[in-house]
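Undergrad: Please read through the structure below; I'll follow up with questions.
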Amino acid sequence: MSEMILDQASEADLKSLVEERFGHEPQWSLARRQSAAEAVLNLDWPRLERTPLKKRKLDQLHLFKAPPTPSRTAAAAPEGWAEIWLDNNQVVAVSMPEALSLQGVRLESLTAALDDPDVEKHLGRLLGQDADKIAALSGALWQGGVFLRVPARIREVVRVSIRSHATAEAGALFAKNLIICGAESHVTVTQRLATDEGVSKTLLSENTEIIVEDGGRVDFGAIQQCAPTVEGFIHRAGALGHDAVLNWSIGEFGAGLVVSDHVSHLDQPGAQTSSTTVFFGAGTQHQDYSAKSYHHAPHTTSNMVARGVMKNKARSVFTGLTQIEAGAKGSDGRQKEQTLMLSDDARADAIPSLIIDERDVYAAHAASAGPVDRAAVFYLTSRGLSEPEAERIIVHGFLAPVIDAIALPELRDEVWDAVERKIRA
Amino acid sequence: MSTPVLEISDLHMRIEEKQILKGLTLTIKGGEIHAVMGPNGTGKTSLAQCLMGHPRYQITGGSVRLDGEDMLTMKPDERARHGLFLAMQYPSEISGVTTANFLRAAINARREDGTSISLKAFRDQLDEVMGFLDMDPKFANRYLNEGFSGGEKKRNEILQMLMLKPRIAILDEIDSGLDIDAIKVVSKGVNSLKGPDFGSLIITHYQRILDYVHPDFVHIMVDGTIVKSGGPELALELDKKGYEWVRTELAQSTHQA
């Protein structure tokens, strides 16, 4: 069974694969996996209005292959940081400053933490396994991943780095991550998703759930620079308690196809979320992003910003949704999406939407997608700058307000480097 | 460096199907200031942009040479590096690059030997020119033209001209929308470059700026061509008689000729 292709698999094949690989897991986890395995064949691939998946032949994936074993060794983590390295979702190394482990911070492989009641309680709460075929596959076959738990009221900012890498011949990877930030603690997480350059066609499914308890704050930053052969389905969701804060900073640059979203559930009064997405598509990349803010409670605020650049024949869709439920009085939800197109063949859609069921709120959205201002290019070239240099300056100016606002300095620099590489590519 | 010569010869140009320039001939040499005046919509701005190489214009005949070199085959940045400069009527706002960083990049782009100007030499020069133009030094660190008033943008064009030291400068309605004090400053900038190594083409709708920058030659442009040329006195005559006189009398006489 080790080399079976998905479209040749029966439900029984899937279930016996789950038993073979995960039979040793706690009963609750195994039961969930089996119920997901039962659902795989009955569910469709994700249906995305502007991102057809049919031609991608996702069901030809060598799903049953066990991911290759890790080969890398980890470099030293930055001073004071906790860092976890993963190859093909399997933990290679964890480094944890003693001060943090003494205070009860846990950072480890999620599979190794299945005995923790918090994992049973929260895993799959925000990202279920019945949404579509990929969600079910992930529910049945996920492995490795990261579990981070920060206890309540840690006095200093806990800084965590996740370095996730897929090697060649990975095939299909399903990862789950769970982050729990205890009350009144403050965590920054920087996630780097990358692959080997020559990686074969790979389905990368990455689900991250973030629980922010009362008065807690999570600054979650991610940068994705996978090879063009990767087809990524990256879902992230957070649930916020009273006065909790969740700030997303997402930089999307790699992968031939990426379907990525991040969702904030403002569950309790006073919760706040902000989200910044920077994306840059080139070649024939297809990028489908969405960001969602759900105001379930009064006096919650959300602010969503996205800026993208499309060159060559790249194609992007950015869908923003701000939903304010009845009773969420005094809430404030905003979103703004802007895309710049560097060529006539590039295409970008920005689709903002607001759903407001409460009168006493503030909500606003704005969206634009347009080509580079040719008058500005002419102006700059008339002073002696070459056309590529003029475009580079214009792209810089377009992205600077959002990139420079990224709260995680090391991520900010990496995002600028990625932009620079894409401009010159 | 030798005295520059810009020769525009029988230039024909159109945008899509519309013929804009219909055989325009004009030669500008170092040491000379030429003024091209004319009613609105006669092709003055198109002439300026076309000389700088704006891609929207299609040349259908004639030639433009700077020191004998064909400008029409060059892109705008190449023309700039050959010493051509255009102060634009509506300069673009460029976010994300400060005026100072932009100017430094532009100066470096024009250096033939590939070396860069030192930061200190650049800063000293910038401070001096900004002082000369009564510009607040903080403009240097603001994004290029972003949020600038009309007058500030025009002053910024002159600042760029003085920093880049072109051989031939085309000033497209540099005076429009300016108050007298601003016109004086702009004119001071142009006059400071006057000399055998610098020639200028001032395109204007109004006579006012010519009180401060004294032209050696005045040309009247109507309907895509120059209909009358003369000395500074022509501007005064035009001021007195108005553009109606140009349209009726001059345009007619050329058509008959």
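The values are calculated or read from the model by the stated rules, or taken from the named source; none is laboratory data. Fair warning: this is a prediction, and the values are worked out from it, not measured in the lab. Don't worry about glycine lacking a Cβ; one is built from the backbone with ideal geometry, like all the others, and counts go over all protein chains shown.
Undergrad: Which one of these does B:Leu11 not meet: (1) at pLDDT below 95; (2) surrounded by 21 or more Cβ atoms within 10 Å (Cβ to Cβ); (3) farther than 28 Å from B:Met135 by Cβ?
TA: In the conditions (1) at pLDDT below 95; (2) surrounded by 21 or more Cβ atoms within 10 Å (Cβ to Cβ); (3) farther than 28 Å from B:Met135 by Cβ, B:Leu11 misses (1) alone.
Undergrad: Quick check on my filter: what residues within region B:70-86 are over 15 Å from B:Ile28 (Cβ atoms) and surrounded by fewer than 21 Cβ atoms within 10 Å (Cβ to Cβ)? Full working, then the answer.
TA: Taking region B:70-86 first, the residues over 15 Å from B:Ile28 (Cβ atoms) are B:70, B:72-78, B:80-81.
B:Asp70, B:Leu72, B:Thr73, B:Met74, B:Lys75, B:Glu78, B:Arg81, listed by residue number.
Undergrad: Of A:Ala418, A:Ala346, A:Ala400, A:Ala369, which residue is under 29 Å from B:Leu159 (Cα atoms), among the small types (Gly, Ala, Ser) and surrounded by 15 or more Cβ atoms within 10 Å (Cβ to Cβ)?
TA: Details: A:Ala418 fails: under 29 Å from B:Leu159 (Cα atoms); A:Ala346 fails: under 29 Å from B:Leu159 (Cα atoms); A:Ala369 fails: under 29 Å from B:Leu159 (Cα atoms).
Only one candidate qualifies: A:Ala400.
Undergrad: Something else now. Just give me the residues in region A:94-141 being under 22 Å from A:Leu173 (Cβ atoms), among the polar types (S, T, N, Q) and free of Cβ contacts under 8 Å to residues at least 60 places away in the same chain, in sequence order.
TA: Once the filter is applied, which keeps residues that are under 22 Å from A:Leu173 (Cβ atoms), among the polar types (S, T, N, Q) and free of Cβ contacts under 8 Å to residues at least 60 places away in the same chain, region A:94-141 yields only A:Ser109.
Undergrad: To continue, here is another question. Within region A:97-131, how many residues turn out to be of a type in the set (Lys, Arg) and over 29 Å from A:Asp44 (Cβ atoms)?
TA: Within region A:97-131, the subset of a type in the set (Lys, Arg) is A:106, A:121, A:125.
Still in the running and over 29 Å from A:Asp44 (Cβ atoms): A:106, A:121.
So the answer is 2.
Undergrad: Related question: Could you check how many residues of region B:35-73 are under 22 Å from B:Glu249 (Cβ atoms) and either within 13 Å of chain A (Cβ to nearest Cβ) or without any contact (Cβ under 8 Å) to a residue 12 or more places away in the chain (or both)?
TA: Qualifying residue count, region B:35-73: 1.
Undergrad: Restricting attention to region A:141-157, and to residues there that are surrounded by 24 or more Cβ atoms within 10 Å (Cβ to Cβ) and of a type in the set (A, V, I, L, M), which single residue is nearest to A:Gly198 (Cα to Cα)?
TA: Ranking the candidates gives A:Val146 first.
Undergrad: Which residues, taken from region A:356-389, are over 15 Å from B:Gly53 (Cα atoms) and either within 8 Å of chain B (Cβ to nearest Cβ) or of a type in the set (Asp, Glu) (or both)? Write out each step before concluding.
TA: Of the residues in region A:356-389, the ones over 15 Å from B:Gly53 (Cα atoms) are A:356-373, A:388-389.
A:Asp357, A:Glu358, A:Asp360, A:Asp373, A:Glu389, listed by residue number.
Undergrad: Given (1) in contact with a Ser or Thr (Cβ under 9 Å, 6 or more places away or on another chain); (2) outside any strand (DSSP E or B); (3) under 21 Å from A:Ala418 (Cβ atoms), where does A:Ser249 come up short, assuming only one miss?
TA: Of everything listed in (1) in contact with a Ser or Thr (Cβ under 9 Å, 6 or more places away or on another chain); (2) outside any strand (DSSP E or B); (3) under 21 Å from A:Ala418 (Cβ atoms), A:Ser249 misses just condition (2).
Undergrad: Considering only region A:175-187, how many residues are at pLDDT 95 or above and touching a helix residue (DSSP H, G or I) at 6+ places or on another chain (Cβ under 9 Å)?
TA: In the first step, residues of region A:175-187 are kept if they are at pLDDT 95 or above; the result is A:176-187.
Now narrow it down to the ones that are touching a helix residue (DSSP H, G or I) at 6+ places or on another chain (Cβ under 9 Å): A:176, A:178, A:180.
The total comes to 3.
Undergrad: Now a separate question. Do the conditions hold for A:Ser353, that is, is it of a type outside the set (A, V, I, L, M, F, W, C), assigned to a loop (DSSP other than H, G, I, E, B), within 25 Å of A:Gln285 (Cα to Cα) and more than 14 Å from every other protein chain (Cβ to nearest Cβ)? Break it down into steps so the answer makes sense when it comes.
TA: On the way: of a type outside the set (A, V, I, L, M, F, W, C): yes; assigned to a loop (DSSP other than H, G, I, E, B): no; within 25 Å of A:Gln285 (Cα to Cα): yes; more than 14 Å from every other protein chain (Cβ to nearest Cβ): yes.
Judged against the criteria, A:Ser353 is not a match.
Undergrad: Residue by residue through region B:94-121, note down the ones that are within 8 Å of chain A (Cβ to nearest Cβ) and touching a strand residue (DSSP E or B) at 6+ places or on another chain (Cβ under 8 Å).
TA: Correct list: B:Ile94, B:Ser95, B:Gly96, B:Val97.
Undergrad: Could you tell me how many of the residues in region A:391-424 are aromatic (Phe, Trp, Tyr) and within 8 Å of chain B (Cβ to nearest Cβ)?
TA: Kept after step one, since they are aromatic (Phe, Trp, Tyr), are these residues of region A:391-424: A:398, A:416.
Narrowing further to those that are within 8 Å of chain B (Cβ to nearest Cβ): A:398.
Summing the residues that are aromatic (Phe, Trp, Tyr) and within 8 Å of chain B (Cβ to nearest Cβ) in region A:391-424 gives 1.
Undergrad: Within region B:189-197, is there a residue that is surrounded by 15 or more Cβ atoms within 10 Å (Cβ to Cβ) and under 28 Å from B:Ile15 (Cα atoms)? Give the steps one after another, and end with the answer.
TA: Restricting attention to region B:189-197, the residues satisfying the condition of being surrounded by 15 or more Cβ atoms within 10 Å (Cβ to Cβ) are B:189-190, B:192-194, B:197.
Okay, now just the ones that are also under 28 Å from B:Ile15 (Cα atoms), so none.
No: zero hits.
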